[in-house]
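Everything on this sheet refers to the single structure shown next.
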Amino acid sequence: MSEKKLNLLADFPAVSTQEWLDKVTADLKGADFDKKLVWKTNEGFNVQPFYRAEDIQNYNSKDSLPGKFPYVRGAKATNDWLVRQNINLKDANEANKKAIELLSRGVNSLGFNVDKKKLSPEFIADLLDGIEANKVELNFKTCTKKTVELTNLLIDYFDAKGYLAHELHGSINLDPINKMLLRGKKFNADEITVLIEAAALAAAKLPFYRVVNVNAISLSNAGAYAAQELGYALAWGNQYLSLMVEKGVDISLAAKKIKFNFGVGSNYFMEIAKFRAAKWLWALIVKAYQPVCRRPDCPETVDGICFCAMKMRIHAETSSFNKTVFDPNVNMLRTQTEAMSATLGGVNSLTVSPFDAVYKRPDEFSERIARNQQLLLKEESNFDKVADPAAGSYYIEKLTNEIAAQAWSLFLKIEDEAGFLAAVTNGSVQQDMNATAVARLKNVSSRKEVLLGTNQFPNFSEISGNVESTEEHCCGGHNHHHHSEIETLKTVRAAQEFEALRFATEAVDKRPKVFMLTIGNLAMRLARAQFSSNFFACAGYEIIDNLGFNTIAEGVEAARKVDADIIVLCSSDDEYADLAPQAFELTKGKEILVIAGAPACTDDLKALGINHFINVKTNVLESLKGFNTLMNIVISD
């Protein structure tokens, strides 16, 4: 690898940070720099509008190489990753048939959910028939208490087929703490230790199979911010590692049996930084245990310490939190940027969820698109050809360090309070995550967090066709457990409250009509009509826009001809003082009158009895709920 650095700026005169600030300040023309340009992240740190070399000059991460400790630039020297698709078929022969088909279409990592009642040598033989297990990553999930049995069945199968153990790569998803979070099942430390120790020792014969999993994807699906997901994931992984080590499991073996399954959100650069920080921090955690290398010929052993054990194995899956039922094709845009974040961040494998997965069983088309989203990144965009292409970016290096600091702080807090298991048992993790979900849903309701096609720019004519979201039918999707022994994590989607509005609208016999009474100043009336149309379309109302009317009476008459339920007056602030009272007198006791904007005369208009105003500061969701109530539209729970 070439160490020579290309300096494209060598022939240009240096510009100081102060010169840049002076230029920006002049262009702001008196506006406050911090309020106008500095972004406050949900993680709690500020993002500046620009960064320079001096901002990262003390960061050791910028000088590391891919495949080298502390692995911030990746645990491998290349950026290739595995394209994974999960198969949720209970019949072994059907699952096998689909698996073989997927392998011919670009997939090189398979995930199987195995019914505990069907575990047998015959089932494994049928499931893997014709699949070259040494040329594909195989991942399995079954009942917590059946993991060791499944592991032994796989070992017997591989031995019978004559495979060499070091040629086989895969995982078995044993994660009792995740079962606590999602199902409310209570395990104590001793019970968990017995499970994970047995699994790790059983899988020792398969050196590249990871059997103790950290399913941080559950946190992502519950609305976790990047640093929050990472901080908890580190504490989660360390809990498993410490339990195994305390039981006497070899440190190196224990670390090499742990796999992390993260979610990927749509905050593009933040997610790239999250994965870079994850590899870095986990390497530091494992190094603190001083794992001894048992291979005298290992090239990555330094002073007898196993650096291979410090490499985090990451599988990523696109999060369900930001996926929508309405305008579902936008989900493809979301998963595409998420796939880019994960692969640029250096994950080992990736699952892109089909765009329609939140409301139906994915079909051949949606599954093919999901696969091809990854294949396009490889074959067309060459994302797998450059290791850690984000390295050296002042912005991403800064984000990586900021997220690492936030996640590390949360990790230390959990460790100081007796560890992750104790935090899950007493419910503090669930409470924190549920509070985050409430905060994010509030941001969505007020459009501080935008979901294209849901709370902003919805498709006016779209009808769902009475589809139902699939949360209640998916493992981990249940939010109510009548027999829970501890508090559970609530799986939510950011769009669900807006979708409930639209489902309610579709259920009524007469779809509400909203009429734009545009009048006066041309620019203002068109802008406010567009804003108002988008506003009410979020509830699925029928929108009737207009170019403009000469008088209020003419506009009201036109609204009545189309049987409008709501009339939105769209004009300029200066004209509302005269036009709004006229509209109120003509619509009083008949249509619902809404004023688009926040004019200076608002108090005077309210004194007349005009009560409905919408503007950029309006909480869209709560306002639309109010209009539903006025029209006797009931929103189902």
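Being among the polar types (S, T, N, Q), closer than 23 Å to CYS143 by Cα and open to solvent by 20 Å² or more (accessible area, probe 1.4 Å): is that true of ASN221 here? In short, yes.
Taking residues in region 387-398 that are assigned to a helix (DSSP H, G or I), and partners anywhere that are crowded, with 20+ Cβ neighbours inside 10 Å and charged (D, E, K, R), the pairs with Cβ atoms closer than 9 Å and at least 6 places apart or on different chains are ILE396/ARG276; GLU397/ARG276. Restricting the first member to region 614-625 and to residues that are within 19 Å of ALA529 (Cβ to Cβ) and touching a residue at least 24 places away in the same chain (Cβ under 8 Å), and the second to residues that are among the hydroxyl-bearing types (Ser, Thr, Tyr) and open to solvent by less than 10 Å² (accessible area, probe 1.4 Å), the beta-carbon pairs closer than 9 Å and six or more apart or on different chains are ILE614/SER532; VAL620/SER445; LEU624/TYR541.
Among the residues of region 16-25, is there at least one that is touching a Lys or Arg at 6+ places or on another chain (Cβ under 9 Å), of a type in the set (Val, Ile, Thr) and farther than 20 Å from ARG276 by Cα? Scanning region 16-25 turns up at least one residue that is touching a Lys or Arg at 6+ places or on another chain (Cβ under 9 Å), of a type in the set (Val, Ile, Thr) and farther than 20 Å from ARG276 by Cα. Criterion applied to SER320, SER252, SER266 was being touching a Cys at 6+ places or on another chain (Cβ under 9 Å) and under 30 Å from TYR359 (Cβ atoms), and the one residue passing it is SER320. When you go through GLY477, GLY465 one by one, which is the residue that is open to solvent by less than 30 Å² (accessible area, probe 1.4 Å) and at pLDDT below 90? Among GLY477, GLY465, only GLY477 is open to solvent by less than 30 Å² (accessible area, probe 1.4 Å) and at pLDDT below 90.
If you go through region 286-301 and pick out every residue that is part of a helix (DSSP H, G or I) and surrounded by 19 or more Cβ atoms within 10 Å (Cβ to Cβ), you end up with 1. Might you check whether a residue that is touching a Pro at 6+ places or on another chain (Cβ under 7 Å) and within 19 Å of THR425 (Cα to Cα) occurs anywhere in region 235-251? Checked against the condition, which is being touching a Pro at 6+ places or on another chain (Cβ under 7 Å) and within 19 Å of THR425 (Cα to Cα), region 235-251 yields no hits at all. Selection over region 580-613 of residues that are of a type outside the set (D, E, K, R), free of Cβ contacts under 8 Å to residues at least 12 places away in the same chain, in a helix (DSSP H, G or I) and open to solvent by 30 Å² or more (accessible area, probe 1.4 Å) gives a count of 1. Residue-level analysis places LEU377 outside the set of residues that are assigned to a helix (DSSP H, G or I) and free of Cβ contacts under 8 Å to residues at least 12 places away in the same chain.
Yes or no, residue by residue, for (1) open to solvent by 10 Å² or more (accessible area, probe 1.4 Å); (2) among the small types (Gly, Ala, Ser):
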site: ARG183; (1), (2): yes, no
site: GLU191; (1), (2): yes, no
site: PRO207; (1), (2): yes, no
site: VAL214; (1), (2): no, no
site: GLY237; (1), (2): no, yes
site: MET244; (1), (2): no, no
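Here is the figure for region 166-194: residues that are over 18 Å from ARG210 (Cα atoms), more than 25 Å from the chain's Cα centre (by Cα) and aliphatic (A, V, I, L, M) total 1. You will find that of LEU201, LEU153, the residue that is among the aliphatic types (A, V, I, L, M) and touching a Pro at 6+ places or on another chain (Cβ under 9 Å) is LEU153 and no other. Is there any pair with a first residue in region 160-173 that is assigned to a strand (DSSP E or B) and a second that is of a type in the set (Val, Ile, Thr) whose Cβ atoms are under 7 Å apart and which are 6 or more apart or on different chains, and what are they? That search, which allows pairs on different chains as well, returns SER171/VAL211; ILE172/THR147; ILE172/THR151; ILE172/VAL211.
If GLN430 passes every condition in (1) under 25 Å from GLU485 (Cβ atoms); (2) over 23 Å from the mean Cα position of the chain (by Cα); (3) not hydrophobic (A, V, I, L, M, F, W, C) but one, which one does it miss? Failed condition: (2).
This table checks each residue for (1) part of a helix (DSSP H, G or I); (2) among the hydroxyl-bearing types (Ser, Thr, Tyr); (3) more than 30 Å from THR337 (Cα to Cα).
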{"position": "GLN239", "(1), (2), (3)": "yes, no, yes"}
{"position": "SER252", "(1), (2), (3)": "yes, yes, yes"}
{"position": "PHE260", "(1), (2), (3)": "no, no, no"}
{"position": "SER266", "(1), (2), (3)": "no, yes, no"}
{"position": "MET270", "(1), (2), (3)": "yes, no, no"}
{"position": "ALA273", "(1), (2), (3)": "yes, no, no"}
{"position": "ALA278", "(1), (2), (3)": "yes, no, no"}
{"position": "ALA283", "(1), (2), (3)": "yes, no, no"}
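Scanning region 35-81 for residues that are at pLDDT 90 or above, open to solvent by 40 Å² or more (accessible area, probe 1.4 Å) and within 23 Å of the chain's Cα centre (by Cα) turns up ASN46, ARG73, ASP80.
In the condition set (1) open to solvent by 80 Å² or more (accessible area, probe 1.4 Å); (2) in a helix (DSSP H, G or I), ASN96 is compliant with all but (1).
Taking the criterion of being polar (S, T, N, Q) and either surrounded by fewer than 24 Cβ atoms within 10 Å (Cβ to Cβ) or assigned to a strand (DSSP E or B) (or both), the residues of region 540-573 that qualify are ASN546, ASN550, THR551, SER572. Taking region 501-514 as the range and being of a type in the set (A, V, I, L, M) and modelled with pLDDT under 95 as the test, the residues that pass are LEU501, ALA504, ALA507, VAL508. Identify the residue in region 440-460 that is touching a residue at least 40 places away in the same chain (Cβ under 8 Å) and part of a helix (DSSP H, G or I) and, among all such residues, is nearest to LEU624 (Cα to Cα). That would be SER445. In the condition set (1) open to solvent by less than 30 Å² (accessible area, probe 1.4 Å); (2) out of contact with any strand residue (DSSP E or B) (no Cβ under 8 Å at 6 or more places or on another chain); (3) more than 19 Å from LYS510 (Cβ to Cβ); (4) polar (S, T, N, Q), ASN628 is compliant with all but (3).
The values are calculated or read from the model by the stated rules, or taken from the named source; none is laboratory data. What you see is a predicted model, and the numbers here were worked out from it, not measured in a lab. Counting neighbours? That spans all protein chains shown, and the Cβs are built from the backbone with ideal geometry, glycine included. What goes into the accessible areas is simple: the full protein's heavy atoms, side chains included, and nothing from ligands, DNA or RNA. Shrake-Rupley method; radii C 1.70, N 1.55, O 1.52, S 1.80 Å.
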